[in-house]
């Protein structure tokens, strides 16, 4: 298949993957241009589902490296497993060995659980799935699963390393009621969180409940028990596990969330009484007791247990799963038991969580106002523009940028309306994260120096820099700093202490450098991305766990209670307050994309910011003027360069460059403008700019449902641009765009796949390639004013144009055949043009003289085929190989230069959104 | 044409050492010398040595860059070349090592192409049976082969950039599906889907060129 067909196949494949059964079949059959593509897509989809992991990794055949053996004996210290380096042996459990390990990338210690592998491969597949599900759990009382590492037959789980004592240690003696309640609440909240997400622990026992020195309970090994515990009946049962099993598990009935409650009840009973209520002389005796014995009330033994607690614990031990309370009910009842020494932070957290749950459930959805936002690039510097910050009045944007010559990042300021950017800092150390002071007179920024970040302040028009603080360089790309509303203090993120990983927010006085901690994240959580609300009263921030998952929280700057503002629990990229202070704007990862969402802070549902299809990784909102700016990064970067045509000797330069795809460029007939396709605003859209690259204008905004537009073609009178556009649901059609304004109008379809338009010399007709009528692609033509398409070619045709004398249609064909065919427009047989046999890609353009094309070769050359005489001449050498799928060259009508699409190193660029409400 | 074995490990490396032990200047230098007299065994051994080194550089480069950075085989190979010159395993071109550089680049390109072929769908199943091109001879190695690799990856990226990225992470970095998912920030199902597609395309691409 040709790459064009592969590209089509990919689009069909991606959409079909979201469908199943007959629907999938039907979609593929309708969407595929022919049976070959359909079969290929079907076969590939089958391949995903039939291969064990969709990966089909080659077996290790001959290796210079020792394979990872199943850890029958412990791994020596210093062994690396993935990127982790084993630093110690923690213990052996039923599931395998646990090691402490160092993660050099994130410079942290983790626990590494290396799983003893059973013979069945399906076990590990299921197990990995469970572990992944558990890794989605984000709760201060649940041990965070960082990742699952797989190596050959061995599976290891990297998780939060917890230092502390297991509750096993406390089970032999009667524990005070306060402990019971404080520990119980935390466990109940952890279970409630997991159960709400459909994850059952399956193996609650004291060994899996860790008490840290700071009073936190951490529940270990969520969801991991089922697949690895299959053979545990054979051993170790006398010790513990059996004694915490629910009746349904012993009877091999389905295990549910209620089973966790039973096991949890046993743990509570044991902590309260000092003994397991079902402790028998033998496994058989224990089993009989679990199935038949109703434990005696607790006060009989201890005398100090509140009646409420006794009733609660025994209700948890009900033989009937349906009669047991839920984890949330257990939590609520434990909260209701008064305890003299309340752990304040835990209590506050629980209250806030409950409050959010109640609000979230009770309010109606608030609709965001209809948005007709306009997106335009802020600056067109070549390189990575990062970390935009708006001045409060919306007039200027500060950003960090590493220039073409100087690879060090420095602070730049640009007026939103004017041209040109001003560099404010210089020097050898990288400067980044500029933030305008509220009055716009100063800029704060960070300067990286030997593992530390210096907090710097300077006048926003340039001038003397002053250091007013220093923080640990945490090597995260999160935003770390903001001003308070009076401009007297900065709020910065820094490590809670040198020895701890957690990050909290500190207030630093710009004048005196005095600092004070303002947020106090629970252990395992960090507070990042500070942003002060527009009224200046509230400090908002992202409270997240190590992997970046969490919510927006807020604390009054004058002091007061911490509140959670969102309950999405997603992986964050950035957030800030909307200008009205009623909503927050959050970019978090969903389906691998970082889209921007608007979330009301008084509850209510989040909504995607309409019209903004870019991924948003950094953002800043102006307080005035309904302006927003954001930074976005793309994965591959095709840019449009301008090269001189002899005899011109101008230096080649990138003319149209963004972090997204820029290609399909076309000079307007008078040479004053360039139309091109770009994905800089998300989906591929048609853009226009002046011939010098300035005055960028987005001409299409097909943002509904993932439309893309490409293949722009100017009408010879320069008034119209024809383009093709498709959505995942429908095949491509031809559209016309009036260059002077207005909505694009549909010229063909919907239905068949119509692609790559071009114009007749008189601007009356549009040629395009289509599969209408079945069979291979043929060239068709349709009146530009609208009407029925007429088939032009009979033996295939992909991309064509009329010769300058309007006597011939020249066209390429799809498939393996390279070269051009020529057909008399007045009727007649097609003939192959032998001089153009080498044209195998879409890097060509017709001009009045002939056809310019890139001859594919190890050293690519731009050549010209002359209509008159038929000869081919070499024009100029090209420094970079073409990318074959897109139209890659366009020749300026004045003959001085040509544009060439080439792959460059990825850049990022900043976009300004206006009319942003 | 001669049948060639595939030696490369695609699982995770477990090693008690964190520094590369394979990059012994003396070994490389003497193998290069043998290779340049036409010793094909030396060529095979060098390819074996270069693979983990290229992968190490690939990993380091990807880590140093922002997510979304595209790996460039040419840059990768040149970095390894410079490192080898630095440890004096190869002579620099300025001290008469121009042929050595050429030979090295040829070997590296050959290695990359073989890796890609190795991962191509169905070809991988037949990897030990199909005929792969001979090792490059000292004379045949040029940068053209590298450009060809670049071109192949560019073509794949043109279909969809995500496909190229999965192939790079899988083939040159040796990451697992889960690691790729983490790296890219998407689900493992997406990685599996893209990987399956990319392997099918690679198969097509190489079947298409194997008769040249």
Computed over the stretch A:384-633, Cα set: Rg, Dmax in Å: 16.9, 49
What ranking of A:549, A:448 emerges when the number of other C-beta atoms within 10 Å of each C-beta is taken as an exposure proxy, fewest first? A:448, A:549
Rounded if a/c is under 1.5, else prolate if a/b beats b/c, else oblate: with a ≥ b ≥ c from the C-alpha gyration tensor eigenvalues square-rooted, which is the stretch A:126-203? prolate
Spin-label pair residue A:651/residue A:498, simplified geometry with 7 Å Cα→Cβ offset, distance in nm: 4.8 nm
Two-site FRET efficiency, residue A:448 against residue A:30, from Cβ-Cβ distance with R₀ of 45 Å, rounded to 0.05: 0.25
With 10 angstrom as the radius, rank A:612, B:82 by how many other C-beta atoms surround their C-beta, starting from the fewest. B:82, A:612
Output for the stretch A:770-842 (equivalent-ellipsoid semi-axes, sqrt of 5λ from the C-alpha gyration tensor, Å, descending) is 20, 16, 11
If you take each beta carbon of peptide A:13-21 and count the beta carbons of other chains within 10 angstrom, what is the mean? 2
Contact order relative to length for the stretch A:384-633, counting C-alpha pairs under 8 Å separated by 6 or more residues, stands in percent at 13 percent
For residue A:107 paired with residue A:896, estimate the spin-label separation in nm (one decimal), with each label point 7 Å from Cα along the Cα-to-Cβ line. 5.3 nm
For the stretch A:3-50, what value does the Rg/Rh ratio take when both radii are computed over Cα atoms and Rh is the Kirkwood radius, given to two decimals? 0.92
A:823, A:901 arranged by Cβ crowding within 10 Å, fewest neighbours leading: A:823, A:901
Exercise: per-residue mean of other protein chain Cβ atoms within 10 Å, B:182-194: 5
Rg (Å, one decimal) plus Dmax (Å, integer) for the alpha carbons of the stretch A:638-912? 17.7, 54
Rounded, prolate or oblate: which fits the stretch A:513-661, taking a ≥ b ≥ c as square roots of the Cα gyration tensor eigenvalues, rounded meaning a/c under 1.5, else prolate when a/b beats b/c? prolate
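Read-outs: derived from the displayed coordinates by stated rules, not from any lab. Only a predicted model underlies this, so the values are computations on that prediction, with no experimental measurement involved. Ideal geometry is used to build each Cβ from the backbone, glycine not excepted, and the neighbour counts take in all protein chains shown.
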